[in-house]
Amino acid sequence: MTTAGVPTTAPDALVGALAATVERARASRLYAERLAGVRLRSLADFARLPLTTRRDLEEAGADGTRAVPRERVCHYQESSGTTGAVNSAWLTTGDLARSAAAIRAAQPEAFAPGRVILNRFPFMAAPAHLIQLVAQAGGGIAIPAGNINWDVPFPRALELAERTGAQVLAGLPLEPVVLGEIARARGLDPRAGLAIDTLFLGGAPLPPALQRRLARTWGARVIELYGSTETMLLGTSCRAGTLHLETDLVYCEVLDGAGAAVGPGGEGRLVVTTIALEGSPLVRFDLGDVVRRQALPCPCGDPRPGITVLGRAADAVELAGRRLHVHDVVDAGAAAADAVDSAVFFVVALRDRLLVRIEARGGAAADPAAVLAARLPGVPTEVELLAPGMLLDVEMLCRSPRVYKPVVLCDWRRPGRRILTVSEGMIEWPRVTWRDGRRWLARTLRTTRRRRRLARALGR
């Protein structure tokens, strides 16, 4: 099929797949009228269909994209609402199985029988469930340890990786940063003290500088996962680092501002048609992401199109006459942090500059300000070096509450906790010492002063 303008199967087969998708989509409330009477005879016919926007999905409501009876649905999910709107998707067992099978087929070495996968994806998000399905189909042993879960806080996740000898860490890109910092605070070198050899990461920008830092810190291969709640799996990266689109699952177009297809090496908005979804099929869905098409064939030999995800169009930063995509800003920040042997940084876009705040422990391979300026030529930048704990309080993360099964009986005659309430039986909060309070207060005051100074500079 043709994806982003690159043919991989016969055009007739592609038109047939798109026509079948249109037919399925017509069963939903969203497309019942807008696709009524549509008959596809060519790709030109398809290109004349209207785009589906996030606003369309929002207005359609929670049930608006469902194209099958509820009796056929096994999974419901919602987007996180980072763009302001919450969109819904209804999935069949086949929908989930196809994405899971594609992940395993694309990454056979990472997800092989017997390998242990620490699954840290939040369980409201589709990747968490896909990892479980990959394991159930023989692609490893999954540990369901979603990171937005008091029962498996960061310290316990690190302990699980140690105890089980986990080889794969699956989660958001910040996950190995946080776990790496906790390991360092405990005197543990992730490269030598853990068996993790693969980081399977998605859900947020993962530019090259950050990938290199994580690969070096963990001694692991980094695999990028790309998809969305609305479309499910879109692609994963190969050993050459190219993010390849899953052409058996989706038909993608990369369009410029005028709606014309961009050529190899060009940038444009990604428009997705989900040819393998039954529950909530989407036709020409403008995902809102800006991507760059790979200009040359991938050295890995995979003929499927390769792209670089530059970030949401709405999240781009306009500064000094330039439009900076999230990918480029995060890449520059990660490179600057790496220059002082850190992976902990935070970027603030101000009216006249980009402020990159970095936790530094002393010692630098290069000047972080010079690295940042080289990455973003012509853009005013500032680097602010901070003490460890100012951006990521590892000690506080290590003091997460402990969660128990609910109890309504506690025998005080026996050793252990003397519980008086149901709440105490469910959650044990860490005791805060005077030292903890003083550290928290000092950090809060310093951050507040910095926030006020920046706000005054903006005239607010």
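Which one is farthest from the chain's Cα centre (by Cα), of the residues in the stretch 174-188 that are among the small types (G, A, S) and either outside any loop (DSSP other than H, G, I, E, B) or modelled with pLDDT of 95 or more (or both)? Here the residue is A185. Evaluating V254 against the criteria (1) under 30 Å from E23 (Cβ atoms); (2) part of a loop (DSSP other than H, G, I, E, B); (3) touching a Lys or Arg at 6+ places or on another chain (Cβ under 9 Å) leaves one unmet condition, (2). Quick one: how many residues across the stretch 1-31 are outside any helix (DSSP H, G or I), surrounded by 21 or more Cβ atoms within 10 Å (Cβ to Cβ) and at pLDDT 95 or above? Adding up the residues that qualify gives 3.
Residues of the stretch 377-384 include at least one that is assigned to a loop (DSSP other than H, G, I, E, B), at pLDDT 90 or above and more than 28 Å from the chain's Cα centre (by Cα).
Only a single criterion out of (1) under 22 Å from L206 (Cβ atoms); (2) in contact (Cβ under 8 Å) with a residue 12 or more places away in the chain; (3) small (G, A, S) is not satisfied by G378, namely (1). Looking at the stretch 22-36, I want the residues that are on the phi > 0 side of the Ramachandran plot and have a partner that is part of a helix (DSSP H, G or I) and among the hydroxyl-bearing types (S, T, Y) with Cβ atoms under 6 Å, at least 6 apart or on another chain. Which pairs are those? Pairs found: none. Looking only at the stretch 42-72, how many residues end up being buried (at least 18 other Cβ atoms within 10 Å of the Cβ) and over 29 Å from the mean Cα position of the chain (by Cα)? Selection size over the stretch 42-72: 1.
Per the listing P380, P368, the residue uniquely touching a helix residue (DSSP H, G or I) at 6+ places or on another chain (Cβ under 7 Å) and of a type outside the set (V, I, T) is P368.
In the stretch 230-248, the condition of being crowded, with 20+ Cβ neighbours inside 10 Å, in a strand (DSSP E or B), in contact with a Gly (Cβ under 6 Å, 6 or more places away or on another chain) and hydroxyl-bearing (S, T, Y) is met by no residue. Applying the criterion of being among the small types (G, A, S) and out of contact with any helix residue (DSSP H, G or I) (no Cβ under 8 Å at 6 or more places or on another chain) to the residues of the stretch 113-137, the residue that is nearest to L201 (Cα to Cα) is A128. Of the candidates D338, D352, D302, the single residue that is outside any helix (DSSP H, G or I), surrounded by 15 or more Cβ atoms within 10 Å (Cβ to Cβ) and among the charged types (D, E, K, R) is D302. Assessment of the stretch 202-217 against the conditions (surrounded by fewer than 23 Cβ atoms within 10 Å (Cβ to Cβ), without any contact (Cβ under 8 Å) to a residue 12 or more places away in the chain and of a type in the set (G, A, S)) yields no matching residue. Taking the criterion of being touching a residue at least 60 places away in the same chain (Cβ under 8 Å) and part of a loop (DSSP other than H, G, I, E, B), no residue of the stretch 410-441 qualifies.
Total residues in the stretch 144-175 satisfying the condition of being under 20 Å from S99 (Cβ atoms) and of a type in the set (V, I, T): the figure is 1.
Is it the case that the stretch 179-189 has a residue that's buried (at least 24 other Cβ atoms within 10 Å of the Cβ) and in contact with a Lys or Arg (Cβ under 6 Å, 6 or more places away or on another chain)? There is no residue in the stretch 179-189 that is buried (at least 24 other Cβ atoms within 10 Å of the Cβ) and in contact with a Lys or Arg (Cβ under 6 Å, 6 or more places away or on another chain).
For V38, the requirement of being part of a loop (DSSP other than H, G, I, E, B) and at pLDDT 95 or above is not met. Take the conditions over 12 Å from V168 (Cβ atoms) and charged (D, E, K, R) and apply them to R115. Does it pass? Judged against the criteria, R115 is not a match.
To keep it simple, each residue is scored yes or no on (1) within 23 Å of A185 (Cα to Cα); (2) of a type outside the set (D, E, K, R).
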site: A316; (1), (2): no, yes
site: R361; (1), (2): yes, no
site: R399; (1), (2): yes, no
site: R417; (1), (2): no, no
site: E424; (1), (2): no, no
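Take A370 and tell me if it is modelled with pLDDT of 90 or more, part of a helix (DSSP H, G or I) and more than 25 Å from L174 (Cβ to Cβ). In short, yes.
With respect to T236, is the statement that it is of a type in the set (S, T, Y), in contact (Cβ under 8 Å) with a residue 60 or more places away in the chain and touching a Pro at 6+ places or on another chain (Cβ under 6 Å) true? Criteria not met by T236. Answer yes or no as to whether P113 is under 26 Å from R312 (Cα atoms), surrounded by fewer than 18 Cβ atoms within 10 Å (Cβ to Cβ) and not polar (S, T, N, Q). So P113 fails the test.
Going by the conditions given, is V271 assigned to a loop (DSSP other than H, G, I, E, B) and touching a strand residue (DSSP E or B) at 6+ places or on another chain (Cβ under 8 Å)? Judged against the criteria, V271 is not a match.
The values are calculated or read from the model by the stated rules, or taken from the named source; none is laboratory data. Predicted model, so just to flag it, every value in this text is computed and none were measured. All Cβ positions, even for glycine, are placed from backbone atoms using ideal geometry, and neighbour counts span all protein chains on display.
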